[in-house]
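Only one structure is covered here, and it is reproduced in the block below.
Computed from the coordinates by the stated procedures, all read-outs in this text should not be read as laboratory data. Because the structure is a prediction, the values reported are computed rather than measured. With ideal geometry, Cβ positions are generated from the backbone for all residues, glycine too; neighbour counts draw on all protein chains shown.
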Amino acid sequence: MSEVQGKPIDLHYWPTPNGWKITIMLEETGLPYNVIPVNIGKGDQFKPEFLAISPNNRMPAIVDPDGPDGKPISVFESGAILQYLGRKTGKFYPKDERGRVAVDEWLFWQMGGFGPMLGQTPVSYTHLDVYKRQVRASLYGRAGQHRQG
Ligand SMILES: N[C@@H](CCC(=O)N[C@@H](CS)C(=O)NCC(=O)O)C(=O)O
């Protein structure tokens, strides 16, 4: 994909699935970026300078020196970062409302459902079993509605 010009975005990062979501997006959009490691095993996420960017002590977070109106902006939460980068570049985030809804549905599904479920698996597989039953029930519910409709 072609390079997008501009000042590099600072990505506060540690190599976990939530971090990878942002490096993949930055690579795919061609935006220049600097990686600033946040070693969450050593407690870097609790440093005041990081908390000023991400108040819930979680990475990933970005600082875009070229934000709205040319002023810097910081963004935390991987879903909010993906939407911001999509809006900034016009890539992977359609401009029309129907297209945006379609993207948001799956983004929020990942953020609020699938992602946290996978995060629980090292602790207990029970959550995954419950989730599997819920998804199955809701999919059958939908299929039933379509048959009736
Ligand atoms: N909902 C957040 C979750 C981010 C998250 O859980 N980050 C973890 C690593 S994957 C973290 O920074 N943990 C540090 C801590 O909890 O102290 C997002 O999607 O950005």
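Summary table
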{"quantity": "Length added when fully stretched, Glu28-Ile40, from 0.36 nm per residue minus Cα-Cα", "calculated": "1.8 nm"}
{"quantity": "Segment 1-49 and segment 72-118: distance between their alpha carbon centers, rounded to Å", "calculated": "16"}
{"quantity": "Length added when fully stretched, Gln5-Ser74, from 0.36 nm per residue minus Cα-Cα", "calculated": "22.9 nm"}
{"quantity": "Two-site FRET efficiency, Arg87 against Leu118, from Cβ-Cβ distance with R₀ of 25 Å, rounded to 0.05", "calculated": "0.40"}
{"quantity": "Label point distance in nm, Gln134-Val63, each placed 7 Å from Cα along Cα→Cβ", "calculated": "3.7"}
{"quantity": "Average Cα contact separation per residue, segment 9-93, under 8 Å, 6 or more apart, as relative contact order %", "calculated": "31"}
{"quantity": "Packing-based ranking, highest mean first, of 35-46, 54-65 given that Cβ atoms within 10 Å are counted", "calculated": "54-65, 35-46"}
{"quantity": "Other-chain or far-sequence residues with amide H under 5 Å of Ile36's (modelled H)", "calculated": "Leu11, His12, Tyr13"}
{"quantity": "Neighbour-count order for Glu97, Glu77, fewest beta carbons within 10 angstrom listed first", "calculated": "Glu97, Glu77"}
